[in-house]
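The values are calculated or read from the model by the stated rules, or taken from the named source; none is laboratory data. The shown structure was predicted, so the numbers you read here are calculated from the model rather than taken from an experiment. Positions of Cβ are generated from backbone atoms using ideal geometry, with glycine treated the same way; all protein chains shown enter the neighbour counts.
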Amino acid sequence: MSSSSSRGSGRRHIVAALAAAAGLTVACAVLVALYAAPAQATVPGTPAKIAYAVYDGHEYQIYTIGPNGGGKLKLTNNAKDNVDPAYSPSGKRIAYTCHDGQDKEICTINAATGGDRRQLTHNRTDDQQPAYSPGGKRIAYAGIDGIHSQIYSMKVGGGGTKELTRNTTDHYKPDYAPNGNRIAYQGYDGNDVEIYTMKVGGGGTKKVTDNSTLDRNPSYAPNGNRIAYEGEDRTNADSAIYTIKPDGGGKSRVTNNSGGDYNPSYSPNGKRIAYAKANTNNHKEIYTIKPGGGATTGSPPPPYPRRRVLAFLGESLEERRL
């Protein structure tokens, strides 16, 4: 995937860091995509765990940590980047973007131990940004069809691949609706990047946003009634967080401040939206905010300028005041 194009957020590196609860700051570079596990991944009665990818000085690796900042566990340990963690609905496995020495692939590991690594895709093009279906039987992801990035799905153990989009523009960041009937994603419409949804098996495409600015990183609300996303209020302006109905109506701006706001993700209970916010030092901090806007809760400044992925199991950032 080219880093020179502005059409896909998968091509755009964002600086951010994770602050765990009780004032704990993860003292290393972190890649952030917040609340990657939606409501269906919540496991009632079990302690919450946070999965994230962090730069350890050599490569990005997958870790988990408790919401109180304890119990940090390194799940991957190799010489290649591991990013984009996403919990399975049962919470027993984590899917993520791995590297096989040639290109990006989709792998899964045991969420408790990091063992039992399984590589699900095997090709010579990049596959990335996995998302479990609510029933846990399939994984959607972005993959290269030879020229462009398209949205695919496969069986949870690999195989049974279906190409869900098929056209001459790039598509990234799939996210299943909570009822499993549709998938939201970002796509290039010939002018800029917009938010779309489609049927879970492909087809029935609906354009959710339609303007002359970039809209990226869709995240369904747990009740499926709204989609949060990162958008610009004018061309080349800083990004802000918005929500919109899946049919494209009722657009609402959630954040309104100086500096960019990126990568929104609903908490599992739907009461907060977490996102990465640029500060004056061009670092990113993690904030949460009510879906209707208002006061935010945030994290201390990160020590290093890196970014990427978080996935949450069990409870939201807001519930533990991260």
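If the condition is being in contact with a Gly (Cβ under 9 Å, 6 or more places away or on another chain) and buried (at least 24 other Cβ atoms within 10 Å of the Cβ), then segment 140-151 contributes ALA142, SER149, ILE151.
Wholly within segment 207-251, which strands (runs of 3 or more DSSP E) include no fewer than the required count, namely at least 2 residues that are free of Cβ contacts under 8 Å to residues at least 60 places away in the same chain and within 13 Å of GLN186 (Cα to Cα)? In segment 207-251, 215-220, 227-232 are the strands (runs of 3 or more DSSP E) which contain 2 or more residues that are free of Cβ contacts under 8 Å to residues at least 60 places away in the same chain and within 13 Å of GLN186 (Cα to Cα). Test PRO85 against the criterion of being modelled with pLDDT of 90 or more, touching a Phe, Trp or Tyr at 6+ places or on another chain (Cβ under 9 Å) and within 28 Å of ASN269 (Cα to Cα), and give yes or no. Taking the combined requirement at face value, the residue does not satisfy it. Scan segment 129-136 and give yes if some residue there is free of Cβ contacts under 8 Å to residues at least 40 places away in the same chain and either of a type in the set (S, T, N, Q) or in contact with a Gly (Cβ under 9 Å, 6 or more places away or on another chain) (or both), otherwise no. No: zero hits.
If you filter segment 159-184 down to residues that are β-branched (Val, Ile, Thr) and crowded, with 21+ Cβ neighbours inside 10 Å, you find that the one that is nearest to GLY270 (Cα to Cα) is ILE183. In the condition set (1) surrounded by 23 or more Cβ atoms within 10 Å (Cβ to Cβ); (2) within 20 Å of GLY201 (Cα to Cα), GLY135 is compliant with all but (1).
Going residue by residue through segment 214-234, is there one that turns out to be among the polar types (S, T, N, Q), surrounded by fewer than 21 Cβ atoms within 10 Å (Cβ to Cβ) and out of contact with any Pro (no Cβ under 9 Å at 6 or more places or on another chain)? No: segment 214-234 contains no residue that is among the polar types (S, T, N, Q), surrounded by fewer than 21 Cβ atoms within 10 Å (Cβ to Cβ) and out of contact with any Pro (no Cβ under 9 Å at 6 or more places or on another chain). Tallying residues that are under 17 Å from TYR229 (Cβ atoms) and at pLDDT 80 or above within segment 278-302 yields 5. GLY187 - would you say it is without any contact (Cβ under 8 Å) to a residue 40 or more places away in the chain and surrounded by 21 or more Cβ atoms within 10 Å (Cβ to Cβ)? Here the answer is yes, as GLY187 does meet what is asked. Of the residues that make up segment 35-51, is at least one surrounded by fewer than 23 Cβ atoms within 10 Å (Cβ to Cβ), of a type outside the set (D, E, K, R), outside any loop (DSSP other than H, G, I, E, B) and at pLDDT 70 or above? No, segment 35-51 contains no residue that is surrounded by fewer than 23 Cβ atoms within 10 Å (Cβ to Cβ), of a type outside the set (D, E, K, R), outside any loop (DSSP other than H, G, I, E, B) and at pLDDT 70 or above.
Out of TYR152, TYR196, one residue alone is within 17 Å of ILE244 (Cβ to Cβ) and without any contact (Cβ under 8 Å) to a residue 40 or more places away in the chain. It is TYR196.
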